[in-house]
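First the structure, in the form of C-alpha cells, and then the observations on it.
Every number in this text was worked out from the coordinates using simple rules, so none of it is lab data. These figures come from a predicted structure and were not determined experimentally. A quick note on method: Cβ atoms are made from the backbone with ideal geometry, for glycine too, and the neighbour counts reach across all protein chains shown.
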Amino acid sequence: MKKLSIGLRLTLWYLAIFAAAQVFFGAAMWVVLRHELYSVADDALKTQIEDLTNFLKSQKKKNMTPTKLREEASEAYDLEHSGDFLQIYDEDGNWIFHSPWLERNKFALQAPAAIKSRSFQNVWIANQPFRFITQKIEVNGRSYTARTGVPTDQIVATLSLFRRYLLMLAPLLLFAAASGGYWLSRKALSPVDVITRMARNIGGNNLCDRLEKLTTGDELQRLSDTLNEMLARIESAFLRVTQFTADASHELRTPISLIRTEAEIALRKTRGNEEYREALRHILLAAERTSSLVEELLSLARSDSGRESLHLAPLDLRRAVAETASEWHQLVESRNLQFKQALADCESPVLADRKALQRLLAILLDNSVKYTPPPGTIELRLEAQNGNAIISVCDSGIGIAKEDQARIFERFYRVDKARSRELGGAGIGLAIADWIVQQHRGSIAVHSSIGNGSTFVVELPMQPGSAVFDLSQTKAFADAPATRQKGLAVE
C-alpha cells in the first residue's frame, strides 16, 4: 500500500484537529446558548412564583377557606396569561387553582408530599414544548405547592436553527481549512521537492554539485546545509578512494611487471644454475616488496574502515624506545652511519600499543637510513616536556623542501619519486606513522631544510604516575577515532 505524502498527511492531521476543534466549539456554543435561553425562561418563571407568593400573602387578613381561596385564585388568574399554565395545591392535596388548558390535556401535578424543593422541568404537552417550575410556598402558616410554566417553542426553534447553521457551515469551513492547509503544506514543503530533484541528479560523476542553498532560516535550511556538508565529505572520501585505487594499482604494477619480465627472460633459453638463481633472487625481492606493499595497503584499508584498532595498555615508553634503539643500532652502523641515542633517565609512562609504537619508530628510522648518505648521523631522543613524552628522530640527510613538508604524510606522496622507487619506498610509511600517532592522541611534525637533514618530532600524552595507571582510560583511548587520517608517504 502506497503511503501518503507528508503534505497530504499534514493536511489530514490539520483537518482532523480543526474538525475536532470545530465540533467542540459548536457543541460548547450550543450548550452556552441553551443555558442562556433557558435562564431567561427560568427568570420569568421565578417572577411568576414571586407574584403568586404575594397573592397568597395578601389573603392572610381575609381568613380564606379553601373554597373561598379557590374562588379568589380563579378570579385573579383566569383572565391573566400567567394563569394559563398554573396549578396550585394546598398541603392536604386540595387544588386551589388548576389551569383549564392543563386540565384538558390531563397534565397533573405530583403529590405535594413528593415535592421537596424548587425544580425545573422540560415537557412536551400537545406537541408543544414547555418549561415548568415546581416549588413549595410557605404563607400564613400554611404550605402550598405551585407549578407554572411557559412555552419554549421559540427557544427550541432558536436552538434548532443554530444547530442547522452549524451543520451547514461546518462542511464549508472544513473544506476551506483543508484547501488552505494543503496549500500551506505544499508551499512549506516545496523546498523539499527541489532538494529531492537535485539530490537525484547527483552521482559519482558530479559529486562536486551541491543542493540549492536555502535562506529560509528554518529546519529546511539546516537540512539543506547538512546535506551539502555530507556531500562534501562524500566527495572527499570518494576522491581519496579513487586516488588510492589509482596509486595502489600504479605501485603494484611495477613489481609485478618486474616479476613477469624476469620470468620471461629466464624461460627464453636454457641457462646455467647461477643465472637461474640470480633471476629467482630478483623475483623473490620483487615478491617480498609486493607482499610488503599489499600488507601496508590492507593496513590502510582497515584503518579507513575503522576495523584497525590498537590495544592501548600502560607502557614505559623509555624501555620500548630503548629496545628499538638496540635493534636498529647495528643496522644503522652497517650502512656506515653513526647512531646516537639520548633517552630520559626517568620512566615515561604512557597508554600505548607496544607493537604500533615499535612500527612507528621503525618507519621513522628507516626513512632516516634511506635518505642519509654516509658518513652521516642518526639520533634518537626521548624527553618529557609539559606532561608529554617527546620522541625525536634526527638525521643529517638530504632534507625536505618546505613546500613538500605539508604533504609528506599524504598517501603515496614522495618528494623524489625516482629515488624512492630505487630505495624500495612506496610512499605509505609516513601515512601509517601519522595514523598510529593519531590513534595515541598525539601529534607528529617535521622540521627540515634542503641539505641540513630532517627531524621528526612525535608528542604523546603521558600518564600522571609512573607505577599506577588509570586503566579505565584504556578503552576510551582504544575506541577513540583518529582525529586525522592522512594519506601515506615517505621522504
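Region 139-153 and region 308-322 have Cα centres spaced 104 Å apart. Multiplying the residue separation of ARG281 and ASP84 by 0.36 nm and removing their Cα-Cα distance gives an extension gain of 57.7 nm. With 21 Å as the limit, the listed pairs LYS68/LYS106; LYS57/LYS136; LYS187/LYS213; LYS46/LYS106 have LYS68/LYS106; LYS46/LYS106 beyond it between alpha carbons. In this structure, the amide hydrogen of ILE96, modeled 1.01 Å from its nitrogen in the peptide plane, lies closer than 5 angstrom to those of ILE88, TYR89, ASP90, counting only residues at least 5 positions away or on a different chain. Close amide-amide hydrogen proximity is noted between ASN388 and MET462, each under 5 Å apart and 5 or more residues distant or on a separate chain (H modeled in the peptide plane; Pro and chain starts excluded).
Remark: the Cα gyration tensor places region 183-222 in the oblate category, a/c being 1.5 or greater and a/b not exceeding b/c. Between LYS68 and ARG104, the simple label model (points 7 Å from Cα in the Cβ direction) yields a spacing of 3.3 nm. Label positions at THR261 and ARG186, each projected 7 Å from the Cα along the C-beta direction, are separated by 7.0 nm. By the helix-only formula, in which each DSSP H run with n ≥ 4 contributes -39500 (n - 2.57) and the sum is divided by residues, the chain has a 222 nm mean residue ellipticity of -19000 deg cm²/dmol. A full extension of the chain between SER117 and SER292 corresponds to an added length of 52.3 nm, given 0.36 nm per residue minus the alpha carbon distance. Between ARG164 and ARG9, the FRET efficiency estimated from the beta carbon spacing at R0 = 22 angstrom works out to 0.10.
Between amide H atoms placed 1.01 Å from N, distances below 5 Å from GLU410 occur with GLY487, all of them 5 or more places distant or on a separate chain. On the basis of the beta-carbon distance and an R0 of 35 Å, LEU252 and GLU403 show a calculated FRET efficiency of 0.80. Residue by residue, region 268-281 carries 3J(HN,Hα) couplings of 5, 8, 5, 10, x, 4, 5, 5, 5, 5, 5, 5, 5, 5 Hz when phi is fed to the Karplus relation 6.51 cos²θ - 1.76 cosθ + 1.60 (θ = phi - 60°); x denotes Gly or Pro.
Couplings 3J(HN,Hα) of region 36-43, computed from phi: 5, 5, 6, 5, 5, 5, 5, 4 Hz, in residue order, whole Hz [Karplus 6.51 cos²θ - 1.76 cosθ + 1.60, θ = phi - 60°; x for Gly and Pro].
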